[in-house]
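Undergrad: First the structure, then my questions, so here it is.
The values are calculated or read from the model by the stated rules, or taken from the named source; none is laboratory data. Since the structure is predicted, the reported quantities are computational estimates derived from the model, not experimental observations. Quick reminder, even Gly has a Cβ in these numbers, built from the backbone with ideal geometry, and neighbours come from all protein chains shown. Protein only, heavy atoms only, side chains kept; ligands, DNA and RNA dropped before computing areas. Shrake-Rupley method; radii C 1.70, N 1.55, O 1.52, S 1.80 Å.
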Amino acid sequence: MVASVMKPEMSAVEPVTDRAPAAAVTTAVSFSATPNLIALAKVGRPYGLTGALHWYPYSKDAQTLLKAREVMIGTTMYAVTRSRRHGESIVAEIVGVTSPEAAARLTNKEIFVDKSYFAPLAEGEYYWIDLLGLTCANGERIFGEIAEIFESGAHPILRVKRPATDPTPGDELIPFVDAIVRSVNIAARRVDVDWEGLE
């Protein structure tokens, strides 16, 4: 197999649930100071009367969220004291949020997790975030930079944004499968494909 792509939530790590409280610290941080933060979920309505929150993961497999001991919600970093599965959501308690009113103020905000919580991958496997921004090419022909990876049902699709100098309209959509992807070189920031594309 040349390569496989994995969402950040996909992990071999077992979920960490109802663990001991983490350090009681909340600090405001900027995105420029935290380049490895990845959006994995969104905050839903409050849960119960203690300030617990519903988190709605962007993937059904949310092991990274369950493992994380701190998360950024909006622009503030919170220590996580408890997290557990609850149907399609995760119910979590975070330091500094102790009432339904405080929890409600976070509703609809995105939840970011540091990439250091992601499970290590086997050779030939890549998290989708590692491929974003890489140049996609077929030999000397440059299709552009990978802007998005999404599921089509059968396999992931690379959405490649063409260079501004390319007169071809729209983005290039390239299946991320063994028959097409020749190599992925994260260090060289390049994905080589066997793909003719649109003329």
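Undergrad: Here is a check on your reading of the model: is Leu40 buried (at least 18 other Cβ atoms within 10 Å of the Cβ) and either at pLDDT 95 or above or outside any strand (DSSP E or B) (or both)?
TA: Answer is no for this residue.
Undergrad: Turning to a different aspect of this structure: Just one of Glu125, Glu88 is free of Cβ contacts under 8 Å to residues at least 40 places away in the same chain and either within 28 Å of Arg189 (Cα to Cα) or out of contact with any Cys (no Cβ under 6 Å at 6 or more places or on another chain) (or both); which is it?
TA: Glu88
Undergrad: Ala22 - would you say it is more than 19 Å from the chain's Cα centre (by Cα), open to solvent by less than 50 Å² (accessible area, probe 1.4 Å) and modelled with pLDDT under 95?
TA: Taking the combined requirement at face value, the residue satisfies it.
Undergrad: Of all the strands (runs of 3 or more DSSP E) wholly in the range 136-199, which have at least 2 residues that are modelled with pLDDT under 90, open to solvent by 60 Å² or more (accessible area, probe 1.4 Å) and not small (Gly, Ala, Ser)?
TA: 141-151
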